[in-house]
Amino acid sequence: MRWITPHLKSSLLGLLSGGDATPAVKENRTETIRQIMLNELGEFGERHYPKIALRVRYAQDAQGLWYARGDVMAVLSAMQGETIARQKVGTITKMFEGLLPGSLG
């Protein structure tokens, strides 16, 4: 009987908070994040770090983009310095809220 209580609690909290975003909303947010990451890399990043640009461009979902953040951070650090790169990647990281499983976000 104990296993029912946590499930019931999470279901009620989901109903009260409005539930998860629809798949279309998640897809739109994922594409927005992808575009921002590619914009931050810019032409210079795409030309000098093509594998990372391709990794971002062809990531299948938000989780793939989440794991590409480290590579994007490395490129931005090389291009603009670590302080600026941390700020930019920090802003991108906040955009993942609600898109990832609880263990990642």
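The values are calculated or read from the model by the stated rules, or taken from the named source; none is laboratory data. Quantities reported herein were computed from a predicted structural model and do not represent experimental measurements. As a convention, Cβ positions derive from the backbone with ideal geometry for all residues, glycine included, and neighbour counts pool all protein chains shown. The protein model used for the area step is the full one, side chains on, heavy atoms only, and it has no ligands, DNA or RNA in it. Shrake-Rupley method; radii C 1.70, N 1.55, O 1.52, S 1.80 Å.
From the set of residues in the range 82-99 that are within 14 Å of A68 (Cβ to Cβ) and part of a loop (DSSP other than H, G, I, E, B), which is least open to solvent (accessible area, probe 1.4 Å)?
Ranking the qualifying residues of the range 82-99, first place goes to F96.
When you scan the range 1-58 for helices (runs of 4 or more DSSP H) that lie fully inside it, which ones turn up with 1 or more residues that are surrounded by fewer than 10 Cβ atoms within 10 Å (Cβ to Cβ) and at pLDDT 95 or above? Give the steps one after another, and end with the answer.
Values: elements: 4-16, 23-48, 50-57.
Counting at least 1 such residues, we get 23-48, 50-57.
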